[in-house]
Amino acid sequence: MKLRHAILIWVAVFGTAIFLGQPFGTWAAHRWGCWKYADATINWYNGGTGDYFNIYNEEAKTDSNAWSPYTDIFLQPSSSGSTDHANAYNGFYGSTGWLGIAELRSVSGCTVRNGRARLNQSYLDNGSYTRTNKKHVACQEIGHLFGLEHNRGSSTTCMNDSILTAPQPNTHDRDLINSIY
Amino acid sequence: MKRKNFLVLTILVALCGLSVSAMLGLKQHHDEKAQQPSRTRSAAVWKEVYKNPDEMVKSVDTIVLAQAIDRQPGRIAYSPNGEDVLPFEVVSFRVVDNIKGKKGDGIIYVERAGGVDPEGKSVYLDADGGDFEVGNSYLLFLKHQEDGPYYYQVNDQGRYQVEGGRLKGVNKDDEVSVTFQDRPVEEGLRMVKEIKDKAGKN
């Protein structure tokens with residue numbers, strides 16, 4: 001093959017590769033803005049009641065792939081607070097449309113001072129949701145507080161908000177968390 | 001040039017292209033993220049997440065183009081241990097165009113979480129698009145509360161503010177919201193009506 005033809009083909013291949021490679025560059029697209037706690041040690045208050053206390057505990061700390069041992073984040077058990085705190089609750093919040101919600105109550109620049117997760121028992125306790133579903137929601141709300149956005153591209157992460165059957169972070173979440181903190 | 005050499009070099013060129021592309025994308029993403037906090041400060045797992053507009057139009061109880069005319073503090077919800085306090089507000093809308101479901105006097109009431117709690121602390125939940133602005137118009141996809149007298153916005157796919165005569169969704173990247181995003185209001189309403197009529201025939 002003549003060199004001139006080869007170069008033309010290489011230029012075309014290079015251009016095509018750049019176009020096709022764009023999705024690989026967006027792997028971090030599941031980060032929620034620039035939100036993050038000051039560092040990887042976060043005061044954790046589990047204000048859950050009944051089995052929701054267990055669910056929060058499992059998702060945050062005790063499951064093998066819970067956020068705290070699975071990623072670099074260390075959740076320091078604490079009383080409720082508003083400084084460098086992640087607080088978790090459940091309640092009968094009524095017909096709100098949401099099963100769970102994460103709220104950044106206090107921020108400074110990109111730094112989260114006080115985050116709050118809520119699980120809505122009005123829906124979750126109506127008989128339509130399994131314990132796995134509830135764990136998925138709890139896992140996702142905690143993940144939001146740490147700075148992760150929804151991820152509908154994977155069925156293995158609790159950050160997927162279009163499914164309720166993956167009650168754990170996946171390796172992508174772990175890598176992203178560890179790159180943030 | 002020998003065929004084997006050509007193929008090896010072509011693969012190397014392709015790998016270089018992929019690497020450059022991925023690095024550029026990642027850098028751009030990190031730059032964007034590092035510059036500014038997210039617009040939103042809350043994120044939700046919605047009960048309903050629709051894959052397309054047809055699903056949403058069929059699922060909701062009411063679809064209206066309506067103007068927000070008033071916001072009033074509503075109920076307060078507490079966690080079982082009393083430690084979490086969640087205030088609500090009720091937003092009144094004057095219906096401009098009733099596309100599905102709403103009947104009555106032309107005023108519709110939508111409850112949403114947010115407001116000021118009894119201790120005077122502000123609770124700002126914007127996963128649904130945030131506070132409604134009195135005077136502004138919205139295309140709303142609503143459901144009636146199972147346990148209350150009001151409507152609620154079905155999720156973040158269910159709100160489009162009218163800005164400059166065009167529809168602006170909450171999450172511009174969402175597969176449903178992108179259908180209506182930036183469309184002129186009349187065109188968006190026509191699309192919704194067509195979807196509703198099509199669903200009615202099936």
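Any read-out appearing in this document is the output of simple, stated calculations on the displayed coordinates, not a laboratory observation. Keep in mind that what you see is a predicted model, and the values were worked out from it rather than measured. Every residue, glycine as well, gets a Cβ built from its backbone with ideal geometry; the counts of neighbours run over all protein chains shown.
Rounded to the nearest 500, what is the 222 nm mean residue ellipticity of chain B from helices alone, with -39500 (n - 2.57) per DSSP H run of 4+ residues and division by all residues?
Value at 222 nm, helices only, nearest 500: -10000 deg cm²/dmol.
Sorting A:Trp35, A:Trp67 from the fewest to the most surrounding beta carbons within 10 angstrom yields A:Trp35, A:Trp67.
Once the Cα-Cα distance is subtracted from the 0.36 nm per residue extended length, the B:Val8 to B:Asp147 segment shows a gain of 43.4 nm. Sorting A:117-129, A:76-88 by their mean Cβ neighbour count within 10 Å, with the most densely packed peptide first, gives A:117-129, A:76-88.
Between the helical axis of A:3-25 and the dominant principal axis of chain A, each derived from Cα atoms, what acute angle in degrees is found, rounded to the nearest 10? Result, in degrees: 10.
Springs join every pair of Cα atoms under 10 Å in this Gaussian network model of chain B, and among B:Glu111, B:Glu186, B:Glu119 the largest mean-square fluctuation is at B:Glu119.
Structural descriptor for chain A: relative contact order 23 percent, calculated from alpha carbon pairs under 8 angstrom and at least 6 residues apart. For region A:133-138, putting each phi into the Karplus relation 6.51 cos²θ - 1.76 cosθ + 1.60 with θ = phi - 60° gives couplings of 4, 5, 5, 4, 5, 4 Hz, in residue order, rounded to whole numbers and with x for Gly and Pro.
Dividing the radius of gyration of the alpha carbons in chain A by their Kirkwood radius gives 1.14 for Rg/Rh. Our coupling estimate for region A:67-80, obtained by passing each phi through the Karplus curve with A = 6.51, B = -1.76, C = 1.60 and θ = phi - 60°, is 4, 6, x, 6, 10, 6, 5, 10, 9, 8, x, 7, 6, 5 Hz, Gly and Pro reported as x. When the Cα atoms of the protein assembly as shown are aligned to their principal axes, the ranges along those axes come out at 80, 54, 38 Å in descending order. Residues whose amide H falls under 5 Å from that of A:Arg113, counting only those 5 or more places apart or on a different chain, are A:Ser106, A:Val107, A:Ser108, with hydrogens built in the peptide plane. When the convex hull of its Cα atoms is viewed from all sides, region B:53-201 shows a mean projected area of 9.5 nm².
Only beta bridges with both residues in region A:30-180 are counted; by DSSP, about 35 percent of them are antiparallel.
With 22 Å as the limit, the listed pairs A:Lys61/B:Lys51; B:Lys51/B:Lys198; B:Lys143/B:Lys196; B:Lys102/B:Lys172; B:Lys103/B:Lys143 have A:Lys61/B:Lys51; B:Lys102/B:Lys172 beyond it between alpha carbons. The angle between the Cα long axis of helix B:185-201 and the main principal axis of chain B comes to about 80°, on a 0 to 90 degree scale.
Starting from the Cα of B:Lys4, draw a straight line to each of the lysines and keep only those under 24 Å, dropping any in the same chain fewer than 8 residues away. Within reach: A:Lys2.
Taking R0 as 25 Å, what's the FRET efficiency between A:Cys110 and B:Tyr124 from their Cβ-Cβ distance, rounded to 0.05? Here the calculated transfer efficiency is 0.90.
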